[in-house]
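The block underneath contains the structure these notes are about, expressed in structure tokens.
Readers should treat all values here as calculations from the given coordinates under stated rules, not as data from a laboratory. Source: prediction; values computed, not measured. Positions of Cβ are generated from backbone atoms using ideal geometry, with glycine treated the same way; all protein chains shown enter the neighbour counts.
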Amino acid sequence: MEPNRDVGSLALEQELKWLRAYAVVTYPFACVPFLFIFFADHGMDAGQYGEVLTAYYVMMFLAEVPTGMLADRFGTRGMLVLGPLILAAGFGAMIANPTYAGFLVGEILLGLGHSVLSGPPTVALYELLQRHGQQDRYLAEESRIHARRLYGTGSAFLLGGLVVYFGNANGNAYRLAIMVTCVLHLLAAFFATRLSNPVRESRAEAPEVFLGHARLELKKSSVRWLLVYWVVLFTLLRFPFHNYQPYLKAAGAIEPLLANAVVVGLVFAVLNLVAAPLSACVPKLVDRFGRRALFWWMPLTLSASLVVMGIERLLAADGQSSRTWCWVGISMFFVQQVPFAMHWSLLHEFVNHRISSAARTTVLSIISLGARAVYALINLELFYLQETSGIAVALMATALGGALAASCVLLLRPRGLLRGNGPVD
């Protein structure tokens with residue numbers, strides 16, 4: 001038995017090596033810190049930017065369940081290959097046809113690609129370990145792989161800044177950064193082809209079955225409350241994230257360093273790396289402050305940070321901003337990483353302790369799909385507001401509206417919802 005065990009161990013370690021390599025280039029978005037600038041250079045305004053982002057979220061919403069069914073039916077390797085290829089095609093569409101239509105098609109493909117990759121990397125790791133009887137290693141291996149994913153994305157951001165700055169004499173080689181992103185996605189697809197694809201029994205759930213479960217779960221006050229709360233928090237997290245590029249571009253007119261592609265790439269890289277260690281602090285924070293305080297703190301902190309960013313932009317509109325004020329605004333990016341790092345763990349903690357085990361997957365799908373669908377519409381309206389009234393007004397409106405909505409939702413929560421550990425009916 002020893003030779004067989006050795007062979008199995010070697011096969012496991014070989015596949016883990018490819019999964020770890022895949023993690024580094026799963027999301028190698030070298031061009032993302034500069035994508036808005038590339039869009040703007042080709043005639044896109046803030047309203048149109050909001051439209052293509054909305055198309056991205058709509059596609060993610062539409063494709064989430066079908067792509068999950070395909071992964072269950074055909075296995076994870078094919079999806080791990082397909083996802084990066086679709087993402088590469090999305091970015092490729094943007095450089096092949098740098099018009100509104102090309103950008104729209106590109107964002108739709110990006111939404112599809114992200115949906116394809118929403119579950120297979122995690123499932124592939126667990127099933128690999130399970131086949132070798134080592135599923136007890138899952139948490140440790142997933143942590144290592146997630147760290148590589150974060151480091152890979154952060155490094156790609158910095159690489160993008162270097163490519164943009166040194167890629168041509170003007171320091172604006174945005175097209176080249178998009179091409180580098182496409183190549184890295186192709187590398188991810190190659191790594192995925194090195195994985196095995198064992199025969200598996202389909203566990204796909206028919207859409208009508210999922211919808212039936214979803215209707216049943218939405219009858220529970222705890223699920224309805226969490227869905228509304230998560231829409232508010234998701235908006236407060238995603239709108240500023242999509243505004244980092246427009247904000248940096250605007251602030252670069254006052255602070256020259258922020259017009260330097262290397263600095264922009266470095267800012268995005270550090271943002272990506274800051275969130276990783278913060279997420280590990282969530283259990284201690286729950287023990288120290290309790291869920292209720294953290295559920296209040298996350299949206300109100302995000303709202304306050306948006307107010308600071310809005311004040312800086314209002315000062316800039318009056319000619320009274322300064323380089324110092326610009327950095328104060330940029331520092332809010334890092335403040336926003338704290339609730340960003342905490343929110344997903346707190347969602348799972350809430351669901352695991354408040355929802356019965358049979359319903360957890362359905363509830364998480366409801367929350368994810370619902371937040372994307374509603375935010376797609378909110379995103380469109382906010383970027384239209386930004387186009388007509390400016391970034392400062394859009395930031396302030398999001399901050400004040402988000403704080404008010406979060407306060408109402410939290411004050412109207414079902415009694416005792418954020419206390420205790422038992423399931424809530």
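Is the range 1-195 rounded, prolate or oblate when judged by the Cα gyration tensor, a ≥ b ≥ c being the square roots of its eigenvalues, rounded requiring a/c under 1.5 and prolate requiring a/b larger than b/c? Verdict is prolate for the range 1-195. Which shape class, rounded, prolate or oblate, goes with the range 68-169 when its Cα gyration tensor gives a ≥ b ≥ c as root eigenvalues, a/c under 1.5 marks rounded, and past that a/b bigger than b/c marks prolate? It is oblate, given that a/c is not under 1.5 and a/b is not larger than b/c. Each other residue within a Cβ distance under 13 Å of V264 adds +1 if Lys or Arg and -1 if Asp or Glu, for a net charge of 0. The ranking of W344, W325 from fewest to most other beta carbons within 10 Å of each one's beta carbon is W344, W325.
Residues E142, E312 in ascending order of nearby Cβ atoms (within 10 Å, fewest first): E142, E312.
To the nearest 0.05, what FRET efficiency results for R194 and L400 with a Förster distance of 60 Å applied to their C-beta separation? Working from the Cβ atoms, E equals 0.75.
The range 305-328 and the range 122-190 have Cα centres lying 34 Å from one another.
Report the net charge of residues surrounding F36, where surrounding means a beta-carbon distance below 15 angstrom and charges are Lys +1, Arg +1, Asp -1, Glu -1.
Within the 15 Å Cβ shell, the charges total -2.
Exposure proxy for F191, F334: other Cβ atoms within 10 Å of each Cβ, ordered fewest to most, give F334, F191.
Given an 8 Å cut-off on Cα distances and at least 6 residues of separation, report the relative contact order of the chain as a percent. Computed over the chain, the figure is 25 percent. For N260 and E13, the difference between the fully extended length at 0.36 nm per residue and the C-alpha to C-alpha distance is 84.7 nm. The value of relative contact order for the range 1-195, using C-alpha pairs under 8 Å at least six residues apart, is 41 percent.
Label sites at T122 and R73, each approximated as a point 7 angstrom past Cα along Cα to Cβ, lie 2.3 nm apart. Here the chain is treated as a sphere whose radius is the Kirkwood value from Cα pairs; by Stokes-Einstein at 4 °C and 1.567 mPa s it diffuses with a coefficient of 57 µm²/s. Take 99-109, 52-62 and order them by the average number of nearby Cβ atoms within 10 Å per residue, most first; the result is 52-62, 99-109.
Between S322 and F166, residue separation times 0.36 nm minus the direct Cα-Cα distance comes to 53.4 nm. Compared with the alpha-carbon gap, the fully stretched path from A304 to Y100 is longer by 70.1 nm at 0.36 nm per residue. Hydrophobic long helices, here whole DSSP H runs in the chain with Kyte-Doolittle means of at least -0.5 and Cα atoms spread over 20 Å or more along the helix axis, are found at 2-24, 46-74, 76-96, 100-116, 138-166, 174-193, 221-251, 261-279, 282-317, 323-354, 360-389, 391-411. Net charge of the neighbourhood of G50, taken over other residues with C-beta under 13 Å away and scored Lys/Arg +1, Asp/Glu -1, is -4.
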